[in-house]
Amino acid sequence: MEDVSGRIEQLRKELHQHNYNYYVLNQPTISDYEFDQMMHELEDLERQHPEYADPNSPTQRVGSDLNQSFKQVPHKYPMLSLANTYNEDEIRDFYERVSNGLAGEDFEIVAEMKYDGLSISLTYVDGELTQAVTRGDGVVGDDVTANVRTIRSIPLKLKEGSGYPNEFEIRGEILMPWTSFEALNAEREAKEEPLFANPRNAASGTLKSQKSELVAARKLDAFLYYLIVPEGATMQASSSGGMADLFGMTSEQAFVNEYHYEGLMKAKEWGFKISDGMKKCKSIDDIMDFINYWDKERKNLPVATDGVVLKVNSLRQQRHLGYTAKSPRWAIAYKFKAERECTRLNEVTYQVGRTGAITPVANMDPVQLAGTMVKRASLHNADVINELDLYIGDMVYVEKGGEIIPKVVGVNKDKREPGMQKVEFITHCPECGAPLVRYEGEAAHYCPNETGCPPQIKGRIEHYISRKAMNIDSLGPETVDDFYQRGLIHDIADLYQLTIAQVAGFNKNRVVSATKAVEAIKNSVNVPFERVVFAIGIRFVGETTAKLLARKFKTMEALRHATLEQLLDVDGVGQVIAESVIRYFADEKNQIIIERLAAAGVQMQMSEEELAGHTDKLAGQSIVISGVFQHHSRDEYKAMIEKNGGKNVGSISAKTSFVLAGDNMGPAKLEKAQKLGVKIVNEDEFLQMLA
Ligand code: IVH
């Protein structure tokens, strides 16, 4: 037995090393064949000896096709974003703010690439990956550990003897390299599946997939750029040695804890993929040289980048500079200028979205733009078309910034010829022919034929089954389209009448998935009422508004009979939403759908448990939570505020009713509250208010 466990250990160690050589260093030292041989031997041994299983074994990178739904995990340190700059002047301003903030002290700025993927936070304990969490809303994210384990350039185990801290977090960007992106889209095109607009969307769609097997197949990559070593973490002895300083700390330790750049260089030794293109800058000129160099050179990088990030190197100075409400004062992003090309506009076509919103699309002569061929661009709405003063045949400027779809930003009017036709926005829906309408204050035109226009019908069903609505996760847009094409469903209530035989289409091979789908639909009748209010898809009623409406009216029947005044009385509901609710329930087709949903058993009122504990004690109040609390967590306080009819808001303004303040409330917030005369309420006082 000794032998087996020893061999397993040895194979794992070697495979981790070869993985690293291949995916991080891009310098394999053995052939793929030899690698596969070792992997097979390890897989066999692990199969025969399940007692030695380890989630961080190199064999685990292949993923599983188990369905997992993600757990939400709070971030230990919030994941903030960066303020953006677009030109040299704004960089100078940043540089000056830093310099002033540090009272003229010397400082270094680290310039590095801004990767265009999705951010991830990785936790390592005793050299092993224990958790990977997406940014989410910055405060809580999705636990995607199983998926992240399949990304070959993310070490599952750090290098022995490399001196890593016993516990730390490291953040970075998950990316889909251009080559994988293009291959994936080619494959999807062949299967007539919708294409991903850019590598960022593809990476994000992949990482959020429920199947880690699929994640493994899609070949993601990751660059790490931010190390957080908590105070008090101890370092694993480093075999490379190091001079003990006066405090008994090795020089490496001091670097890890004191400087951003040096910390990342250490992380590189532990096994992480860290960009080679980082530079310590001593002046604005250094920074501009870096930016100008990478603005061109980035086109040769294997992954997408959209700018440069500038960070103060010293962590002490970072702490001194601190944070604004949204981003650090010690860092800033510079966004590369979008690439622009000129090409001919041939036609304007119109797409009908799920909500009936009409999007005009420019169809142009194909032009090479930022690495891809572009022939279509969004024109957003009628106002944009009018402002551009577009004619068919115009030479138009197209830009592709960080955004998904290229856009038309201008017209070269010198190239205009007589007799060309002005672009006039359509008056009728291209899908169903209904006359279009434009709602007060809305930029978009809408097709009002909600119940008869195919993309809207499908869109509403897709919305109904989506995660934040009824969460019927065994159905997706493709199944909805399929059911609709086959004439099985025309509205959301039809879902509850589907039979296994219909769904399977009398095809034996589809019985298992059909059973699963029908089961999932049946189970959705337990979804709480407030999500039902969101799911039925009343135009302009989002998740939050749905909650407010559900809590105020408590039953669908009451909501259906609500008057304009009663609706307007709900905090957060204005004229547009109130009218939309009335319009929805006035439509007889919707009334029938609601009745059919009720007959299927869908929740049409708040449950006893939901009603219990709900009060109006904080009705109409906007409350900011700040600081650290003793009795309850921030999330618990947030829930209490909502349960008692209040609204939790992010930042202090004159409209804030009060600040619920714990210990260490930020000085900037305190000052702002005082300046605006906003009341500060401590934890005990708050609990008293609700008692
Ligand atoms: S540092 C507190 N460095 O850009 C500082 N971010 O809005 C944390 N990003 O959410 C971010 N490359 O997803 C940093 N070299 C880099 C980056 C980078 C890309 C992303 C990151 C962040 C966003 C900033």
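The values are calculated or read from the model by the stated rules, or taken from the named source; none is laboratory data. Predicted, not measured: the structure shown is a model, and the values here were computed from it. Note: ideal-geometry Cβ built from the backbone for every residue, glycine included; neighbour counts use all protein chains shown.
Looking at this structure, is Val73 within 16 Å of the ligand (Cβ to nearest atom) and buried (at least 17 other Cβ atoms within 10 Å of the Cβ)? Please lay out each step first, then the result.
Values: within 16 Å of the ligand (Cβ to nearest atom): no; buried (at least 17 other Cβ atoms within 10 Å of the Cβ): yes.
Answer is no for this residue.
With the requirement that a residue be in contact with a Gly (Cβ under 7 Å, 6 or more places away or on another chain) and crowded, with 18+ Cβ neighbours inside 10 Å, what does region 339-354 give you? Answer for region 339-354, where residues must be in contact with a Gly (Cβ under 7 Å, 6 or more places away or on another chain) and crowded, with 18+ Cβ neighbours inside 10 Å: just Leu345.
Applying the set (1) among the hydroxyl-bearing types (Ser, Thr, Tyr); (2) more than 23 Å from the chain's Cα centre (by Cα); (3) at pLDDT below 95 to Ser81 leaves exactly one unmet item: (2). The set of residues from region 580-626 being farther than 30 Å from Thr355 by Cβ and assigned to a helix (DSSP H, G or I) comprises Glu608, Glu609, Leu611.
The set of residues in region 646-678 that are at pLDDT below 85 and either acidic (Asp, Glu) or at positive phi (or both) comprises Asp663, Asn664, Glu671.
Filtering region 137-151 to residues that are in contact with a Pro (Cβ under 9 Å, 6 or more places away or on another chain) and in a loop (DSSP other than H, G, I, E, B) leaves Gly138, Val139, Arg149. Residue-level check: of (1) among the small types (Gly, Ala, Ser); (2) within 15 Å of the ligand (Cβ to nearest atom); (3) modelled with pLDDT of 90 or more, Gly136 misses just (3). Scanning region 159-170 for residues that are part of a loop (DSSP other than H, G, I, E, B) and under 14 Å from Leu264 (Cα atoms) yields a count of 2. Step by step: first the residues of region 486-505, then only those that are assigned to a helix (DSSP H, G or I) and of a type in the set (Val, Ile, Thr), then the one that is surrounded by the fewest Cβ atoms within 10 Å (Cβ to Cβ). Which residue is that? Ranking the candidates gives Ile500 first.
Determine whether Glu187 is in contact with a strand residue (DSSP E or B) (Cβ under 9 Å, 6 or more places away or on another chain) and surrounded by fewer than 21 Cβ atoms within 10 Å (Cβ to Cβ). No, not satisfied. Within region 57-70, identify whether any single residue is in a helix (DSSP H, G or I), more than 16 Å from the ligand (Cβ to nearest atom), closer than 30 Å to Asn198 by Cα and of a type in the set (A, V, I, L, M), and answer yes or no. Yes: one or more hits.
Applying a threshold of 7 Å to beta carbon distances and a minimum spacing of six or more residues, or different chains, the list of pairs starting in region 35-51 at a residue that is over 12 Å from Glu14 (Cα atoms) and ending at one that is part of a helix (DSSP H, G or I) and of a type in the set (Phe, Trp, Tyr) reads Glu46/Tyr52. Of the residues making up region 552-607, those that are among the small types (Gly, Ala, Ser) and either on the phi > 0 side of the Ramachandran plot or in contact with a helix residue (DSSP H, G or I) (Cβ under 9 Å, 6 or more places away or on another chain) (or both) are Ala558, Ala562, Gly572, Gly574, Ala578, Ala598, Ala599, Ala600, Gly601, Ser607. For region 191-206, what are the residues that are away from the ligand (no atom under 13 Å from the Cβ), among the small types (Gly, Ala, Ser) and closer than 21 Å to Asp473 by Cα? Within region 191-206, Ala202, Gly205 qualify. One residue stands out among those in region 76-107 that are away from the ligand (no atom under 16 Å from the Cβ) and part of a loop (DSSP other than H, G, I, E, B): the one that is surrounded by the most Cβ atoms within 10 Å (Cβ to Cβ), which is Phe107.
Being buried (at least 18 other Cβ atoms within 10 Å of the Cβ) and assigned to a loop (DSSP other than H, G, I, E, B) is the filter; apply it to region 196-235 and report the residue that is farthest from the chain's Cα centre (by Cα). Residue satisfying both the conditions and the ranking: Val229. Among the residues making up region 587-617, a single one is more than 20 Å from Tyr496 (Cβ to Cβ) and either at pLDDT 95 or above or basic (Lys, Arg) (or both): Lys617.
Listed conditions (1) touching a helix residue (DSSP H, G or I) at 6+ places or on another chain (Cβ under 6 Å); (2) under 27 Å from Phe168 (Cβ atoms) are all met by Val139, apart from (1).
Checking each residue in region 590-615 for being charged (D, E, K, R) and either within 13 Å of Asp494 (Cα to Cα) or free of Cβ contacts under 8 Å to residues at least 60 places away in the same chain (or both) picks out Glu595, Arg596, Glu608, Glu609. The criterion of being in contact (Cβ under 8 Å) with a residue 24 or more places away in the chain, surrounded by 20 or more Cβ atoms within 10 Å (Cβ to Cβ), charged (D, E, K, R) and more than 14 Å from the ligand (Cβ to nearest atom) holds for Arg149.
When we screen Leu129, Leu118 for residues that are touching a helix residue (DSSP H, G or I) at 6+ places or on another chain (Cβ under 7 Å), closer than 19 Å to Lys219 by Cβ and either within 13 Å of the ligand (Cβ to nearest atom) or at pLDDT 95 or above (or both), the only hit is Leu118. For Tyr164, the criteria (1) crowded, with 23+ Cβ neighbours inside 10 Å; (2) more than 16 Å from the ligand (Cβ to nearest atom); (3) within 17 Å of Gln210 (Cβ to Cβ) hold in every case but one, which is (3).
Residue-wise test of (1) polar (S, T, N, Q); (2) within 12 Å of the ligand (Cβ to nearest atom); (3) within 16 Å of Val215 (Cβ to Cβ).
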site: Tyr124; (1), (2), (3): no, no, no
site: Asp143; (1), (2), (3): no, no, yes
site: Leu156; (1), (2), (3): no, no, yes
site: Thr179; (1), (2), (3): yes, no, no
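Can you name every residue in region 207-217 that is away from the ligand (no atom under 16 Å from the Cβ) and touching a Phe, Trp or Tyr at 6+ places or on another chain (Cβ under 9 Å)? Walk me through it before giving the result.
Looking only at region 207-217, we keep the residues that are away from the ligand (no atom under 16 Å from the Cβ), and these are 209-217.
Passing the criteria: only Gln210.
Screening Ala325 on (1) surrounded by 18 or more Cβ atoms within 10 Å (Cβ to Cβ); (2) within 25 Å of the chain's Cα centre (by Cα); (3) of a type in the set (A, V, I, L, M, F, W, C) shows it passes everything except condition (1).
Quick one: is Glu43 among the charged types (D, E, K, R) and either surrounded by 13 or more Cβ atoms within 10 Å (Cβ to Cβ) or within 16 Å of the ligand (Cβ to nearest atom) (or both)? If you could, list the steps in order and put the result at the bottom.
On the way: among the charged types (D, E, K, R): yes; either surrounded by 13 or more Cβ atoms within 10 Å (Cβ to Cβ) or within 16 Å of the ligand (Cβ to nearest atom) (or both): yes.
Answer is yes for this residue.
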